[in-house]
Structure formats: structure tokens, C-alpha cells
Amino acid sequence: MGIWLILLILVVLILITLLILVLASTVTFRIHIILRSKEYRMMVNIRLLYGMINVQYEVPFKLTDKGVRYTDKSISSDRSKGRIDEPEEESENKREFSFSNYQVLVQATKGLKNWFLNTLSIIRLSEVHWATSLALDNAAESAVAAGMVWGIKHTILGLLSFHLKLTNTPKLQVHPDFNGPPQVSTDLSFVIRITCARAIFAGLMLMVRIVSIKGGMKIWRRTLFRT
């Protein structure tokens, strides 16, 4: 009887240790957004459980009058046996998110804005690289536009710094082209980190806010998973 009790205690201790390790692990999102004349694309890499799970998403998208039309392709890497095989495409889904859906989700969630701001305060933002190239009809207009873009970037990051933790200095670049044809392109990449425990807590708090509204869960499911 004593041996079984000792084994039971060991199993419980192992499970508690594993749970602590999982909750203490960091979820890392590496996001790369490309906006060019004919290329609107976002790549997302999600790494969790100390790298045992590593998922990549490639999302080509297009801006429309009603919202954003996009195609998400999930790509996974096989990390078994200590090696990484060639990525294999798992799925491809075409979806559209209209601007009106945002207001629908706000109404279907109790205090969605407060939840969003509280969630921002527990994440860490780092490795921000934001480069923009632009050209207008003449050199003077290009120079003025470049100055405005500088101001907009600093304003956006300044506002974000009030709500989340910036762990290092963002790298901002603006490249005016005084001789090229009129065009604007942006390349933005950054890393978001949050502990698994805080991510789970934030998800639970969102669920509580959704179910607090009658029919909230049904509205979220119908809005997000509409193809």
C-alpha cells in the first residue's frame, strides 16, 4: 500500500511540474506584413511549448470597400526525431471580414475595448522593423510625404507604448524616391511574446465577456467562421 501511495504522489508531482512548465512557457508570435502595389501579405509564425509546437500561417489579403478579403494557409513543420522536414501545407481557407463585423463583435461582447487594452498591457513587443518607401509626382511632394510618414509612425508607436511593453527600440525607416513613379510600399515585422498562463487567462476573460451577452457566442462563431 505504501509503494502505491508513493507512486501516486510522484505522478501528482510530475503532473504539477509539467503544468507549471507549460504555464510558465512563452508563446511567441513573429509577424511580417508586406504592403506593396500588387502584394498584400501577412506571415505569422507561432511558437509555443518551448518550440515543440511551431505553426506558420501565410495570409494573402486584399482590401475591399466592405472590408478585408483574405486566404489563410496554415503550414506546419515536423520537429519529431530532432529534425525539421520541409513545410507541408495543411489547409487553405478563403474568408472575408467586413468592417461592419467589428461593431457586431463589440455589441456581442461585454467591455471588449477594456479587455483589449488589458490584454495589451500583458504582452511584450520587440524587434519592430518598419520600413516605408514612397514616391509622388515630384520631389517636393515626396519629401513632405516622407516627413508626414515619419510623424505618423512615431505617433502610432508612442500610443502603443502607453498600453504595452516595448522591450527594445523600434527601427523605423522612410525612403523617399525622388525619381521613381508614384508608389507607396511598407514592410513591417515585429515579435509579440506572452506567457502561456497570461494567454490562457486572457482567453478565459474574453469567453466570460462573450457569454455575458445573450447570444454572444453564437454571434462570434457566425461572424468569425463565415467563409
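The values are calculated or read from the model by the stated rules, or taken from the named source; none is laboratory data. Treat the numbers as computed from the prediction; the structure is a model and nothing was measured. Neighbour counts run over all protein chains shown; Cβ positions are idealised from the backbone, glycine included. Remember, those area values only see protein heavy atoms, side chains included, never the ligands or the DNA or RNA. Shrake-Rupley method; radii C 1.70, N 1.55, O 1.52, S 1.80 Å.
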key: Of all residues in region 200-212 being hydrophobic (A, V, I, L, M, F, W, C) and over 16 Å from the mean Cα position of the chain (by Cα), the one that is surrounded by the most Cβ atoms within 10 Å (Cβ to Cβ)   = Ile210
ask   = Does region 169-178 hold any residues that are more than 21 Å from Met43 (Cβ to Cβ), at pLDDT 85 or above and in a loop (DSSP other than H, G, I, E, B), and which are they?
value = Thr169
query = Mind checking which residues of region 109-153 are of a type in the set (A, V, I, L, M), open to solvent by less than 80 Å² (accessible area, probe 1.4 Å) and closer than 26 Å to Ile31 by Cβ?
reply = Leu112, Leu117, Leu120, Ile122, Ile123, Leu125, Val128, Ala131, Leu134, Ala145, Ala146, Val149
Test set (1) farther than 28 Å from Ile34 by Cα; (2) surrounded by 15 or more Cβ atoms within 10 Å (Cβ to Cβ) - Gly215 fails condition number = (2)
inquiry  = Looking for something outside any helix (DSSP H, G or I), surrounded by fewer than 12 Cβ atoms within 10 Å (Cβ to Cβ) and hydrophobic (A, V, I, L, M, F, W, C) - is there at least one such residue anywhere in region 179-199?
reply    = no
note = Every listed condition ((1) surrounded by fewer than 17 Cβ atoms within 10 Å (Cβ to Cβ); (2) free of Cβ contacts under 8 Å to residues at least 40 places away in the same chain; (3) among the charged types (D, E, K, R)) holds for Lys165 save (2)
query = List the pairs whose first member sits in region 45-72 and is more than 20 Å from Ile192 (Cα to Cα) and open to solvent by 40 Å² or more (accessible area, probe 1.4 Å), whose second member is aliphatic (A, V, I, L, M) and at pLDDT below 75, and whose Cβ atoms are under 6 Å apart, counting only residues at least 6 apart or on separate chains?
reply = Phe61/Val68
query = Mind checking which residues of region 99-156 are more than 19 Å from the chain's Cα centre (by Cα), more than 23 Å from Arg36 (Cβ to Cβ) and not in a helix (DSSP H, G or I)?
reply = Ala108, Thr109, Lys110, Gly111
